[in-house]
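S.K.: Here it is, the structure, as structure tokens.
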Amino acid sequence: METENLQKSQGAEGASIAQEKTPETPENRPVAIRVKNLYKIYRVGESKVRALNGVDFELYKGEFVAIVGTSGSGKSTLLNMLAGLEKPTKGEIEIGKVHIEKLTERQLVTFRREKVGFIFQAYNLLNTMNAVENVALPLAFRGISKRERLKRAKRFMKLVGVGDQANHMPNQMSGGQQQRVGIARALVVNPQIIFADEPTGNLDSKTTMEVLRLMQKIVREQNQTLVMVTHDNNLASYADRRIRIVDGKIVGIEVGARPDGELTDRSEACHQEGNQGGEQDAARLPEQSDKEDITVKETRGAQ
């Protein structure tokens, strides 16, 4: 009898351990964004330019995703579509079970104000406000008291590592500090999605690495969904998945984030080139760092 009970106990423990070791994959999480058959066509004189040409994918809650492409690939247009800044010509964009392509302009304004956080390349801090006032600003449009706004803003500034900069004006802070303030501003509204448009484009290599690590930390610890647009393949490697876009079409989706660590020498050089001349490194997008552990999960050809 004792042997039988011991076997049952060991079996239960084994099942428990197996259950604990089962990794959580993105597909096990709720869908944060679902895009179906998305097109964006611009008219240029008598010609039509297909900025997006039949895009389909899903993003999951608590996922850090990079949209990667060269200049003119359609990546920024796609970001604008997802954020409700532009209307698609055709297709569906579902965020939190809401089809934003069907919303009116007034409804889109409310959607962006309440559901979306933005991280900009140029920081976009108001020079007439100190850091904590900049972070608290989005809450002013929700009718929240000033005391509560500042309290919440200070909490998120502490989270991103600039709690001691609360009373500093933007011109008294470094670029990295200003971008951390920008990240806190994006988080303060508790958004469903955070969109980052080339968020490290104005930063040096060391600060770039710090900001990318911070973005990884926020996604993991706050269970945030973050979508970053970049032309830099090495920066994109910090994301959980990379969606590669060429001529308005998705040509591949790769999984596997770079672990926390130093940027490679090549990535530092690429980032410096990007700051100086734009997107020269984008031509080398298909290359992968030797330190990356990336598996091609999905390609257009497989579909």
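The values are calculated or read from the model by the stated rules, or taken from the named source; none is laboratory data. As the structure is a computational prediction, the values presented were derived from the model and not from experiment. Don't worry about glycine lacking a Cβ; one is built from the backbone with ideal geometry, like all the others, and counts go over all protein chains shown.
S.K.: Just to be sure I understand the filter: pairs with C-beta atoms under 7 Å, separated by 6 or more residues or on different chains, first member in the stretch 219-244 and surrounded by 23 or more Cβ atoms within 10 Å (Cβ to Cβ), second member assigned to a strand (DSSP E or B) and aromatic (F, W, Y). Which pairs pass?
M.R.: From residues that are surrounded by 23 or more Cβ atoms within 10 Å (Cβ to Cβ), the pairs are L226/F64; V227/F195; A239/F64; I243/F57.
S.K.: Does P88 count as over 30 Å from V55 (Cβ atoms) and modelled with pLDDT of 95 or more? Don't jump to the end; show me each part of the working.
M.R.: Working: over 30 Å from V55 (Cβ atoms): no; modelled with pLDDT of 95 or more: yes.
So P88 does not fit the description; no.
S.K.: Could I ask something else about it? For the stretch 26-37, enumerate the residues that are surrounded by 11 or more Cβ atoms within 10 Å (Cβ to Cβ) and of a type in the set (D, E, K, R). Write out each step before concluding.
M.R.: As a first pass, look at the stretch 26-37 and keep what is surrounded by 11 or more Cβ atoms within 10 Å (Cβ to Cβ): 26, 29, 31-37.
The answer is R29, R34, K36.
S.K.: Now for a separate question. Among the candidates K61, K40, which residue alone is modelled with pLDDT of 80 or more, touching a Pro at 6+ places or on another chain (Cβ under 9 Å), buried (at least 16 other Cβ atoms within 10 Å of the Cβ) and within 14 Å of T225 (Cβ to Cβ)? Walk me through it before giving the result.
M.R.: On the way: K40 fails: within 14 Å of T225 (Cβ to Cβ).
That would be K61, the only listed residue that is modelled with pLDDT of 80 or more, touching a Pro at 6+ places or on another chain (Cβ under 9 Å), buried (at least 16 other Cβ atoms within 10 Å of the Cβ) and within 14 Å of T225 (Cβ to Cβ).
S.K.: Report, ordered by the first and then the second residue, all pairs with beta carbons closer than 7 Å, sequence separation of six or more or different chains, a first member in the stretch 74-86 that is without any contact (Cβ under 8 Å) to a residue 40 or more places away in the chain, and a second member that is of a type in the set (F, W, Y).
M.R.: G84/F111
S.K.: Residues in the stretch 124-151 that are surrounded by 20 or more Cβ atoms within 10 Å (Cβ to Cβ) and of a type in the set (F, W, Y): how many?
M.R.: The total comes to 0.
Here is a yes/no grid of residues against (1) under 26 Å from D247 (Cβ atoms); (2) at pLDDT 90 or above; (3) not in a strand (DSSP E or B):
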position: E13; (1), (2), (3): no, no, yes
position: I17; (1), (2), (3): no, no, yes
position: P23; (1), (2), (3): no, no, yes
position: K48; (1), (2), (3): yes, yes, no
position: A51; (1), (2), (3): yes, yes, no
position: D56; (1), (2), (3): yes, yes, no
position: L78; (1), (2), (3): yes, yes, yes
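S.K.: Please work out which residue is farthest from E58 (Cα to Cα), limiting yourself to the stretch 213-229 and to residues that are more than 10 Å from the chain's Cα centre (by Cα) and of a type outside the set (D, E, K, R). Can you show your working first?
M.R.: First, the residues of the stretch 213-229 that are more than 10 Å from the chain's Cα centre (by Cα): 213-214, 217-218, 220-223.
In the following step, the residues that additionally are of a type outside the set (D, E, K, R) were identified as 214, 218, 222-223.
Values: L214: 24, I218: 21, Q222: 20, N223: 17 Å.
Of everything passing the filter in the stretch 213-229, L214 is farthest from E58 (Cα to Cα).
S.K.: Has the stretch 189-199 got at least one residue that is closer than 30 Å to N37 by Cα, surrounded by fewer than 22 Cβ atoms within 10 Å (Cβ to Cβ), at pLDDT below 90 and out of contact with any Asp or Glu (no Cβ under 6 Å at 6 or more places or on another chain)?
M.R.: No, there is no match, as no residue in the stretch 189-199 is closer than 30 Å to N37 by Cα, surrounded by fewer than 22 Cβ atoms within 10 Å (Cβ to Cβ), at pLDDT below 90 and out of contact with any Asp or Glu (no Cβ under 6 Å at 6 or more places or on another chain).
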